[in-house]
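To start, the structure under review is shown below, and the notes come after it.
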Amino acid sequence: MRSRAVLSATLDPEREHAELLALLAAFRDAVAAGRRPAELVPIFEQALDFARLHFRHEEQVMAQAGYPGLAAHRAEHDRLLAEVTERLLRLRAGNAAAPVAACRYLENGLQQHFESADKACYRYLHRSTIRAGH
Ligand SMILES: [Fe+2]
Ligand SMILES: [Fe+2]
């Protein structure tokens, strides 16, 4: 079992996104290996915990930088977490189709978020860092 990652004080989105994708890959491998729902749940919970930490970390940094898109970005994080939590409940209930559906949702939903909302946010943060002379 992987040890729980600890977030650093400064936001390193590439490292955190890579960690989240690694957790998803572990989940995908476990699904592909035909592991039982009871074994899949802890792996899924770990990915969900890390996603929650990463989202809060991003929101903190956006708030400090005065990012104007913070409210919309936070709403998207909350929507993703609600969807992922819903899938966790289905997994816990032992729904036979839940593991594959959860895996597909996680990969698509998070990848899309990284490529759109996160990219816009990091572009702004990068510019504000340059303006601040760092
Ligand atoms: Fe992110
Ligand atoms: Fe984000």
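In summary, PRO99 fulfils each of the numbered conditions (1) within 15 Å of ARG28 (Cα to Cα); (2) touching a Gly at 6+ places or on another chain (Cβ under 8 Å) with the single exception of condition (2). The residue list ARG127, ARG87, ARG79, ARG104 contains one member that is charged (D, E, K, R), within 15 Å of ligand 1 (Cβ to nearest atom) and out of contact with any Pro (no Cβ under 8 Å at 6 or more places or on another chain), which is ARG79. All conditions in (1) away from ligand 1 (no atom under 16 Å from the Cβ); (2) under 14 Å from the mean Cα position of the chain (by Cα); (3) surrounded by 11 or more Cβ atoms within 10 Å (Cβ to Cβ) hold for ALA98, with the sole exception of (2).
Residue-by-condition table, conditions (1) more than 12 Å from ligand 2 (Cβ to nearest atom); (2) crowded, with 16+ Cβ neighbours inside 10 Å:
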{"residue": "PRO37", "(1), (2)": "yes, yes"}
{"residue": "GLU59", "(1), (2)": "no, yes"}
{"residue": "ALA72", "(1), (2)": "no, no"}
{"residue": "HIS113", "(1), (2)": "no, yes"}
{"residue": "THR129", "(1), (2)": "yes, no"}
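Coordinate-derived values only; no laboratory data. All of these numbers come straight from a predicted model, not from anything done at the bench. All Cβ positions, even for glycine, are placed from backbone atoms using ideal geometry, and neighbour counts span all protein chains on display.
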